[in-house]
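J.: Quick one: structure below, then a few questions.
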Amino acid sequence: MDKTVSPRFIPEELIVERSVHQTELVQRVLSRFSRVPVRFVDNAEEIWLQAQKSSSRDTWKGKVLLARQRGPFLRLCPGTQKHICCMYHNLDVAAGCDMDCSYCILQGYLHSSLVTWYCNTDDLYTQVDAELIKYSERFYRIGTGELSDSLTFDPCTGLATDLVSFFRDKRNAILELKSKNIHVEDLLSLDHGGRTVVSWSMNASVLRRSEESAAPDIDARLDAAVRVQDAGYWLGFHFDPMIDYPDWEQGYREVVERIFSRIRGEQIAWISLGALRYPAAMDELIRRNHPKSSIVLGELLPGIDHKFRYFKPIRIEMFRRMYGWIRNFSDAPVVYLCMESDEVWRKAFGWSPGSSARLKVLLDDRVREAPK
Ligand code: SF4
């Protein structure tokens with residue numbers, strides 16, 4: 001398949017919870033997919049329960065539930081005990097993804113391929129506004145890429161585009177759209193006010209082919225990043241999860257070189273690094289759902305958070321080399337580690353923010369103003 005053109009997701013069935021039927025988002029989706037079968041349900045929870053119990057993930061492939069978000073849309077990332085955390089806020093606008101990466105943590109949370117789009121967006125805007133006004137002295141980095149991919153469904157819902165406009169005038173917040181996909185067309189002409197970071201998850205090309213095979217290739221992601229750069233947005237890159245394989249040095253160094261051959265360091269807000277990690281229970285799921293994947297064969301040991309991680313010296317060496325390659329090109333982006341200890345920071349980078357609060361300040365300060 002030509003990976004420079006990412007196929008757009010087309011739902012096979014839309015399941016609409018009646019209480020959100022009249023919302024703008026549902027009406028927009030129904031008009032964009034007028035030929036897709038629609039089923040109405042009184043309570044989305046019955047569908048979530050059925051999906052949880054289903055014996056095969058494929059039963060729910062292509063099905064989308066348009067539901068009401070019952071909990072808060074905005075959540076502080078829980079972080080991990082004894083690790084330095086960036087104090088990020090997640091905005092849960094969707095759950096599920098169509099790209100099915102072998103290491104995806106959603107396999108453990110969602111148990112099926114059912115995708116949910118939360119459609120009571122009036123509540124979303126009200127909640128975010130209330131939080132930003134109540135704590136006007138705080139700065140918020142807010143992202144939609146925790147339980148889904150931020151751009152993969154945008155041609156269906158237009159929600160990422162709506163959010164860029166919503167955040168345009170926020171003085172104490174910035175939106176991050178984190179993706180492996182390339183659906184940026186609708187972002188390019190928006191007045192974004194420098195209040196959105198569009199970021200891509202990156203990996204070595206060989207791993208893209210083996211572990212992220214349904215996602216656009218690395219050059220296609222970079223093509224999209226160049227278009228977004230030209231539109232004046234902040235950019236970000238996330239090497240997470242980094243995976244230990246025999247040629248990792250060459251594979252990751254090449255991607256860093258490709259990024260800086262096309263993207264200005266001054267316009268990159270941040271680059272995060274994180275090594276493969278997952279809860280013990282996911283080991284079996286990965287083996288079952290992705291039998292050709294070799295990621296579970298690495299030197300992974302349970303950590304203090306009960307997640308499997310690479311042996312510490314392996315992680316430190318990967319981060320140390322990446323930091324050096326990035327800094328050879330630019331000192332401008334904040335380079336940070338996701339869920340690592342002060343010790344790992346110091347050994348890998350030669351310095352550490354020392355605390356989550358200090359890392360938060362570094363990241364916040366980077367994006368308080370629009371990119372130059
Ligand atoms: S793109 Fe992200 S959310 Fe989607 S399957 Fe891959 S890791 Fe999961």
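The values are calculated or read from the model by the stated rules, or taken from the named source; none is laboratory data. Here the structure is a predicted model, which means the values were calculated and not measured. Positions of Cβ are generated from backbone atoms using ideal geometry, with glycine treated the same way; all protein chains shown enter the neighbour counts. For accessibility, only protein heavy atoms count, side chains too; no ligands or nucleic acids. Shrake-Rupley method; radii C 1.70, N 1.55, O 1.52, S 1.80 Å.
J.: I need every pair where a residue in region 328-345 that is under 15 Å from ASP305 (Cα atoms) has its Cβ under 6 Å from the Cβ of a residue that is assigned to a strand (DSSP E or B) and open to solvent by less than 20 Å² (accessible area, probe 1.4 Å), sequence separation at least 6 or different chains.
T.: Close Cβ pairs satisfying both conditions: CYS338/SER272; CYS338/GLY274.
J.: Then there is this: Filter region 321-352 for residues that are farther than 18 Å from LEU363 by Cβ and touching a Ser or Thr at 6+ places or on another chain (Cβ under 7 Å) and give the result.
T.: Listed by number, the list holds a single entry, ARG346.
Here is a yes/no grid of residues against (1) open to solvent by 20 Å² or more (accessible area, probe 1.4 Å); (2) farther than 30 Å from SER213 by Cβ:
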position: ARG8; (1), (2): yes, no
position: ILE15; (1), (2): no, no
position: ARG18; (1), (2): yes, yes
position: VAL26; (1), (2): no, yes
position: SER31; (1), (2): yes, yes
position: ARG35; (1), (2): yes, no
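J.: Take region 63-107 and flag every residue that is at positive phi and within 15 Å of the ligand (Cβ to nearest atom).
T.: GLY96, ASP100
J.: Conditions first: (1) part of a loop (DSSP other than H, G, I, E, B); (2) surrounded by fewer than 21 Cβ atoms within 10 Å (Cβ to Cβ); (3) more than 12 Å from the ligand (Cβ to nearest atom). HIS183 passes all but one, so which condition is the exception?
T.: Only one criterion in (1) part of a loop (DSSP other than H, G, I, E, B); (2) surrounded by fewer than 21 Cβ atoms within 10 Å (Cβ to Cβ); (3) more than 12 Å from the ligand (Cβ to nearest atom) is unmet by HIS183, namely (2).
J.: Please work out which one of (1) exposed (fewer than 15 other Cβ atoms within 10 Å of the Cβ); (2) within 16 Å of the ligand (Cβ to nearest atom) is the condition SER148 fails and give its number.
T.: The single condition SER148 does not satisfy is (1).
J.: Additional query: Scan region 191-210 and give yes if some residue there is open to solvent by 10 Å² or more (accessible area, probe 1.4 Å), within 15 Å of the chain's Cα centre (by Cα) and either within 15 Å of the ligand (Cβ to nearest atom) or of a type in the set (S, T, N, Q) (or both), otherwise no.
T.: yes
J.: If you check SER102, SER113, which single one turns out to be among the small types (Gly, Ala, Ser) and open to solvent by 20 Å² or more (accessible area, probe 1.4 Å)?
T.: None of the others qualify; the one that does is SER113.
J.: Which of the residues spanning region 153-180 are assigned to a loop (DSSP other than H, G, I, E, B) and in contact with a helix residue (DSSP H, G or I) (Cβ under 9 Å, 6 or more places away or on another chain)?
T.: Passing the criteria: PHE153, GLY158, LYS170, ARG171, ASN172, LYS180.
J.: Follow-up question, since we're still on this one. Determine which member of the set ARG320, ARG315, ARG309 is open to solvent by less than 30 Å² (accessible area, probe 1.4 Å), basic (Lys, Arg) and assigned to a helix (DSSP H, G or I).
T.: Of ARG320, ARG315, ARG309, the one residue that is open to solvent by less than 30 Å² (accessible area, probe 1.4 Å), basic (Lys, Arg) and assigned to a helix (DSSP H, G or I) is ARG315.
J.: For residues that are in a loop (DSSP other than H, G, I, E, B) and open to solvent by less than 40 Å² (accessible area, probe 1.4 Å), scanning just region 340-372, find the one that is farthest from GLN267 (Cα to Cα).
T.: SER341
J.: Can I ask one more? Name the single residue, out of those in region 64-73 being in contact (Cβ under 8 Å) with a residue 40 or more places away in the chain and surrounded by fewer than 18 Cβ atoms within 10 Å (Cβ to Cβ), that is nearest to TYR118 (Cα to Cα).
T.: Ranking the qualifying residues of region 64-73, first place goes to ARG68.
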